[in-house]
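Q: Sending over a structure as structure tokens; questions will come in a sec.
Just so it is clear, none of the values below were taken in a lab; they were calculated from the coordinates. All values reported here derive from a predicted model rather than from experimental measurement. Glycine also receives a Cβ, built like all others from the backbone with ideal geometry; neighbour counts cover every protein chain displayed.
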Amino acid sequence: MSDEQRIREALRDAPVPDGAAAHERGLRVVSAALEQQPASRRRAPSIRRLGITLAAIGLLSGVVLSPVGAEVRDWVGDVVANNSAVSAPTLTDLPGGGELLVESEDGPWVVRGDGSQRLLGDYEQATWSPRGLFIAVTDGGRLSAVDPMGEPRWTVSQPTPVRDPRWSPSGFRVAYRAGPALRVVAGDGTEDQLIAANVSPVAPVWRPGAAHVLAYVTPDGRMHALDTDLDKVRFLTGPIGSSTISLSWSADGRRVFALSPEQLIIFDGQGNRVTSVARPASARFVAAQWEPHGQRLALLWRYGHLRPRTELVIARPGPSQRLLFAAPGTLTDLIWSPGGERLLVSWQQADQWVFVPVDGSPEPQAVADISAQFAPGEPTPALPAISGWIQPQR
């Protein structure tokens, strides 16, 4: 037996931590969704609809309890395809409070704590300023700042497409990619300057608690940290791989990770490799986020391709990990609530947002028909992307 086979068998036989509680939470999500359907939809179900509903309840409880390395059953796809029978309430409030920034096909929306929504305009990407006073948005070769009502404040233009705007923690700088280049503009739209002529297509990240230190990925697959005010290199790591998908600083600015589907490497503030986070041998990383006020990491990893399954895990740097939620299909858009009590993920096949408590209470809350809520009148809307969740200080 090969080493890989032994690892897979060990993972398959290993019990999921807190499995019973996860099972109970899964059943509560589905039961709550059924109870909260609009009255017009709570008619006596046909035999077929009842069968689908019961199958979905069994599926969710089974997936949550599945060992980390187990495969999804062949009938998962059929149940997911009919998941509209298990409906959740519309978005009437945000568990965890604050405000969301959501990117749809029609443009970015601001979602307030009471569930009310405002379309900002025909923009592509959007990101909050630190206190939620402004939003940086992109549109082709333009970077603009607008207020939460959508009123423009300033715009800079480039001859190449603008992507991945990121506001510094101070609010005095905005980094963005323009074609292959990395640029920084002052928070009032002045002093636009070139930082690097050629960078990898990965969003840059500002270091918290430091004077405008910006980390980005170089074309040769290394992480570069630069003091943009002094034009001084803070560090340049060894190779982190050409498949890096995201960088992120911890809230205290003492750690920064580089994430790829194959690995999550954590570095200290001087660019020294500190540790890494393990994943199951048959899974691939999808997303990772530091908690807002601590050292824990939220992780998404996925098994399989034709019939994928995704797991949401809470971890500390090193081997300590705990399963929070699992679902057949694809979970994306991993983001913490402003206070760190909940995690929000998008469940693509179910067209749902799922708000998952980090410490197990209360039960997860699911919101259905998300796509239609951010694309009114569209016949086949796509699931919108969640780009930010903050507690505004206006």
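Q: Going by C-beta contacts inside 10 Å, put ILE245, ILE135 in order with the fewest on the left. Before the final figure, lay out the partial values.
A: On the way: ILE245 17, ILE135 25.
Lowest count first: ILE245, ILE135.
Q: If you don't mind, another one. Which shape class, rounded, prolate or oblate, goes with segment 120-198 when its Cα gyration tensor gives a ≥ b ≥ c as root eigenvalues, a/c under 1.5 marks rounded, and past that a/b bigger than b/c marks prolate?
A: Numbers: a/c = 1.90, a/b = 1.30, b/c = 1.46.
Note, shape of segment 120-198 comes out oblate.
Q: Order these peptides, 186-192, 347-353, by their mean beta-carbon neighbour count within 10 angstrom, highest first.
A: 347-353, 186-192
Q: Would segment 200-282 count as rounded, prolate or oblate if I go by the C-alpha gyration tensor, calling it rounded below 1.5 in a/c and otherwise prolate when a/b exceeds b/c, oblate otherwise? Walk me through the numbers on the way to the answer.
A: On the way: a/c = 2.08, a/b = 1.53, b/c = 1.36.
Note, shape of segment 200-282 comes out prolate.
Q: Gap in Å between the Cα centre of segment 111-171 and the Cα centre of segment 266-304?
A: For segment 266-304 versus segment 111-171, the Cα centre distance is 28 Å.
Q: Shifting gears a bit: What is the packing order of peptides 330-339, 154-163, taking the mean over residues of other C-beta atoms within 10 Å and listing the highest first?
A: Numbers: 330-339: 19.6, 154-163: 14.9.
Going from most to least packed, we get 330-339, 154-163.
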